[in-house]
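To keep things clear, I will list the structure first and then write my remarks on it.
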Amino acid sequence: MKCDKKGLLLYAVTDRSWLNGETLYSQVEKALQGGATFIQLREKNLDQDHFMEEALELKKLCAAYHVPFVINDNVEIAAKMDADGVHVGQSDMEAVRAKLGPDKIIGVSAQTVEQAILAEQRGADYLGVGAVFHTGSKADAEDVSHETLTAICNAVKIPVIAIGGITRDNVTELSGSGICGIAVISAIFAQKDIVSATKDLKEQTLRMLENK
């Protein structure tokens, strides 16, 4: 499965700190019901066995909704459980592609034009650029200005999504940058009604993309 621009419209990244007694599976299913177009499993503190078990369950769920499912950072698990792909930082892309094969999705984080161009040259399928707003989910993330985001979009041919602190209230500020979608965590998973929050955010994102 390869990613396309439409598939990157509303990219949901998991975070178990927002579970509040729910299962991750349940929350992801609600996001999919609300119209999330891409799911990334992000687990920083889960042991390998539980990570694998969770990943396999979510892979089946996403397949039922025909939505791509990728793993954050953990290339070994992504390869082992045959995920649709992986999202990595500024890493050795050749090694990642060799492990996953030619048909898997590889997303790469970027904060500068130079990083973006290098990632594209090394075979990235899409870029996640940010943080475009202040975010509590990644304390060390540097802010990326609207100008830099636009410059990155103009510098590469692969799809670019914005990430970091995006909400339904500020997503319109990304208009005209050239992105094809947004990636969010709390704007979906921290909401009381995940289905409605996802639907609303998707509508706001589509409006933002129409105002070029």
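Here is how the numbers come out for the structure above:
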item	result
Paired Rg and Dmax values of the chain, which use every Cα atom, in angstrom	15.8, 45
Solvent-accessible heavy-atom area per residue, rounded to whole Å², over the chain at 1.4 Å	48 Å²
Per-residue [θ]222 nm for the chain (sum of -39500 (n - 2.57) over DSSP H runs n ≥ 4, rounded to 500)	-11500 deg cm²/dmol
Environment charge of residue 96, counting only residues whose C-beta is closer than 13 Å and scoring Lys/Arg +1, Asp/Glu -1	-1
Which of 84, 193 is most accessible, then next, and so on - probe 1.4 Å	193, 84
Long pairs among 5/60; 157/192; 5/99; 80/192, criterion Cα-Cα beyond 31 Å	157/192; 80/192
Highest-MSF residue in the chain out of 48, 27, 115 [GNM, Cα springs under 10 Å]	48
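The values are calculated or read from the model by the stated rules, or taken from the named source; none is laboratory data. What you are looking at is a predicted structure, and each value in this text was computed from that prediction instead of being measured. When we count neighbours, we look across all protein chains shown, and the Cβ atoms used for this are built from the backbone with ideal geometry, even at glycine. Note: areas computed on protein heavy atoms with side chains; ligands, DNA, RNA excluded. Shrake-Rupley method; radii C 1.70, N 1.55, O 1.52, S 1.80 Å.
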